[in-house]
Amino acid sequence: MANLLLDDRTIESDLGEISRELAPLGIELRHYDPGTSLLFPNLLDQEVLSESERLYIIELHNSVFEFIQQENEALWSDLLNLHPGSPNLHHLIATYSRYHTHTAAEPLYVLAGEMIYGFVRPDGSQIQLLIQAQDYLYIPAGVEHWCSPNASLNFKAVRYFTNAEGWVPNYTGTHVSDSLNKPL
């Protein structure tokens, strides 16, 4: 389940409270446990996947979650598979770990691992969200955010696309709040 770090250093783990904090931004967070991971547990632990393994995971996932594609009007989906040996890993982290927006919504479903997202709220304060396996996150177009995998650098998620340009970052220049950078 997800955890939310507020700018006053409070950590919230109740899904209802997290959703309430994210609502002013239009962000949706849901938790689904359909059991599909039981059908391919070895693939979720595996760092490198063949193209047929990637397609198998996506097809199986989408057969259970067809409604996600429909509600997002997604034209296609792919499998984001980050691990310490990923090609261009440092470039991907550098690209998305700065505050940015997108011209299209950013929906994704986490299959394995963890990802950290930072958001700027309407009052200018900042929050950080840790999402984990079985979390579904929907970030509307135009919401200022950043993201980065946790220290393990292992993350698998199905991403949904409405167009090819929608996930290109438009950097805002906002810096991460000092209160969120301090160790707990």
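General remarks:
- Each Lys or Arg adds one and each Asp or Glu takes one away; over the other residues whose Cβ falls under 15 Å from the Cβ of P122, this sums to -2.
- Separation of alpha-carbon centers, the range 12-78 and the range 138-177, rounded to whole Å: 15
- Each 10 Å bin from 0 upward holds the following percent of the Cα-Cα pairs of the chain: 9, 37, 39, 13, 1.
- Normalised by the number of residues in the range 81-184, the average gap of Cα pairs under 8 Å and 6 or more apart makes the relative contact order 41 percent.
- ³J(HN,Hα) computed for each position of the range 158-164 - Karplus, 6.51 cos²θ - 1.76 cosθ + 1.60, integer Hz, glycine/proline x: 8, 9, 10, 10, 9, 7, 5
- At 1.567 mPa s and 4 °C, Stokes D of the range 75-184 from Kirkwood alpha-carbon radius, µm² per second: 90
- Computed accessible area, V48, all protein chains, 1.4 angstrom probe, square angstrom: 100
- The local environment of A74, defined by Cβ-Cβ distances under 12 Å, has a net charge of -4 under the rule Lys, Arg +1 and Asp, Glu -1.
- Largest first, the residues T10, T101 sort by 1.4 Å accessible area into T10, T101.
- Shape metrics for the range 85-146, restricted to C-alpha atoms - Rg then Dmax, Å: 12.4, 39
- Nearest-0.05 FRET efficiency for Q132 and L55, computed from C-beta distance (R0 25 Å): 0.55
- The range 1-102, relative contact order in percent, only Cα pairs under 8 angstrom and at least six apart counted: 14
- Mean residue ellipticity at 222 nm, helices only, the chain: -6500 deg cm²/dmol; runs of at least 4 DSSP H residues each add -39,500 (n - 2.57), and the sum is divided by the number of residues.
- Where S86, S97, S13 fall by accessible area, highest first, once all protein chains stay in place (1.4 Å): S13, S97, S86
- Relative intensity of the range 1-103 on a log10 scale, I(q)/I(0) at q = 0.12, 0.16, 0.21 Å⁻¹, equals -0.62, -1.11, -1.34, per a Debye sum over C-alpha point scatterers of equal strength in the absence of solvent.
- Protein heavy-atom accessible surface, 1.4 Å probe, per residue over the range 26-81: 58 Å².
- Taking W167, W76 and ordering them by how much accessible surface each has at a 1.4 Å probe, largest first, produces W76, W167.
- From phi via Karplus (6.51, -1.76, 1.60), per-residue ³J(HN,Hα) for the range 70-76 in Hz, x at Gly/Pro: 5, 5, 9, 6, 6, 8, 7
- Hydrodynamic radius of the range 113-174 by the Kirkwood approach over all distinct alpha-carbon pairs: 13.1 Å.
The values are calculated or read from the model by the stated rules, or taken from the named source; none is laboratory data. Predicted model, so just to flag it, every value in this text is computed and none were measured. Methodologically, a virtual Cβ is constructed for each residue, glycine included, from the backbone with ideal geometry; neighbour enumeration extends over all protein chains shown. The accessibility values were calculated without ligands, DNA or RNA, using every heavy atom of the protein model including side chains. Shrake-Rupley method; radii C 1.70, N 1.55, O 1.52, S 1.80 Å.
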